[in-house]
There are 2 protein chains.
Amino acid sequence: MTSVIVKSRGKFVSTDSRERMVRSAASLIRTRGVNATSFSEVLADSGAPRGSIYHHFPEGKKQLAEDAIRWTSERVLAHLRAGAPATPADVLKRFIDMWRKVVLTSRGTAGCVVAGVAIDTDAGESGDVDLVRSTFRSWTGLLAEQLRAAGVPSERAAPIAVATLAGMEGALILCRAEGNAKPLDTVAEELLRLLPSAAPRPVSSGARRR
Amino acid sequence: MTSVIVKSRGKFVSTDSRERMVRSAASLIRTRGVNATSFSEVLADSGAPRGSIYHHFPEGKKQLAEDAIRWTSERVLAHLRAGAPATPADVLKRFIDMWRKVVLTSRGTAGCVVAGVAIDTDAGESGDVDLVRSTFRSWTGLLAEQLRAAGVPSERAAPIAVATLAGMEGALILCRAEGNAKPLDTVAEELLRLLPSAAPRPVSSGARRR
């Protein structure tokens, strides 16, 4: 079997069997939820040898799901930090476009790994909810910070960030139902209307449509 | 065992073991998703006898999940139709308050049955996605119809309805992560800002906060 010393949980420095398993888990969880994702499927999808499971994930599926969340979150945060959004609309669009790609590349069948764990997690029974919460907060925190940096008043930045994350998470569910990205595009347009009128895409009480 | 002749699938006319099982399934699915909800748990929660499963749900868990969606959807539509919302804000608030109660009564652990099925359903493998789609469409259709009746311009009503459903579905996920209704309240306030300024709660480019 592939022998890799993993020095730090949650850090992925090479394309070893561990990382391939985490990528596969993320892909499967966002398509079918965490409960319906089995280790066998992760092994089949990643091509990792069976022995990898207990070598890399001695704590079982819960550990694999947590690593899938961390891996996804690192990618989300890196995507948001890439480039320098100049306007509030750019900030939202960068976040929205990322989810739009998830919908388009999966033809509407994939959602968000973190939501997949959140919905399948009984809050009373699992510590996963702490990781889900801190992950969502890191995303809305960065979005709000970038909105403020782009000129959105401080008291508006945080609620717009929360509404944007909620709107995208909900849109992903509607896109699964519709099998296309149309609900996401509709929600995106509405979210952009929340930006102060100084933003480059002002909207005046519903008169404007693209 | 309770002997009941069920004349029509999806119709619930008495508090028999079938209805109790559907109620229990809805409650369990919205807390932990459809895959983690077993027939045994539904039986334990509903107090229905084991023989009820094949008597009432010969097609198995898929049929039970579908009936849980139908049962929920009937309640959602009836809730929206109850009373006569006078303003666009009333329309949104009636829908929002319904989800707020779900969060509050479950102390943040319950979400939406339909989303629970949508996220756990592999679109390529199941016909459940058709029911999920038609259910979501019936909700946004009624919301849009009520918004129009309350004076929202026709071209704005449908996108606001879709954004409201997406916002609520996403907010339910964030509420599970936070264990409280705060994300839902934040999203609700933002959704109300989308209403045309003729609505009773106008918002002028972020200057107003409650």
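Can you list residues whose amide H is under 5 Å from A:VAL34's amide H, if they're 5+ apart or on another chain and H is modeled 1.01 Å from N?
Those lying under 5 Å, H to H, from A:VAL34 are A:ASP120.
With a 1.4 Å probe and all protein chains kept in place, how much accessible area does A:ARG81 have, in Å² rounded to the nearest 10?
Estimated to the nearest 10 Å², A:ARG81 gives 150 Å².
Can you give me the accessible area per residue for the range B:17-168, using a 1.4 Å probe, in Å²? List each step's numbers first, then the result.
Numbers: 5690 Å² over 152 residues.
Result: 37 Å² per residue.
Ordering A:THR186, A:THR164 from largest to smallest accessible area (1.4 angstrom probe), what's the sequence?
From most accessible down to least: A:THR186, A:THR164.
Nearest 100 Å², what total accessible surface is buried between chain A and chain B (probe 1.4 Å)?
Chains A and B together bury roughly 3900 Å² of accessible area.
Apply the Karplus curve 6.51 cos²θ - 1.76 cosθ + 1.60, θ = phi - 60°, to the phi angles in the range B:42-53 and return the couplings in whole Hz, x for Gly and Pro.
Computed from phi, the couplings for the range B:42-53 are 4, 5, 4, 6, 8, x, 6, x, 4, x, 4, 4 Hz.
Hey, which of these cross-link pairs are over 27 Å Cα-Cα: A:LYS93/A:LYS182; A:LYS101/B:LYS101; A:LYS61/B:LYS62? Each step should come with its number before you reach the end.
Values: A:LYS93/A:LYS182 15 Å; A:LYS101/B:LYS101 34 Å; A:LYS61/B:LYS62 25 Å.
Cα-Cα > 27 Å for A:LYS101/B:LYS101; rest within.
Relative to the compact globular guide of 2.2 N^0.38 Å, what is the alpha carbon radius of gyration of the range A:41-102, as a ratio? It would help to have the intermediate numbers written out before the result.
On the way: Rg = 16.5 Å, N = 62, 2.2 N^0.38 = 10.6 Å.
That ratio works out to 1.57.
Just which residues of the range B:154-193 lose 40 Å² or more accessible area with every protein chain there, against their chain alone, with the probe set to 1.4 Å?
Residues losing area: B:GLU155, B:ARG156, B:PRO159, B:VAL162, B:ALA166, B:ILE173, B:LEU174, B:ARG176, B:ALA177, B:GLU178, B:THR186, B:GLU190.
The values are calculated or read from the model by the stated rules, or taken from the named source; none is laboratory data. Just so it is clear, the structure is predicted and the values come from calculations on it, not from any experiment. Surface areas here come from the heavy atoms of the whole protein model, side chains and all, with no ligands, DNA or RNA. Shrake-Rupley method; radii C 1.70, N 1.55, O 1.52, S 1.80 Å.
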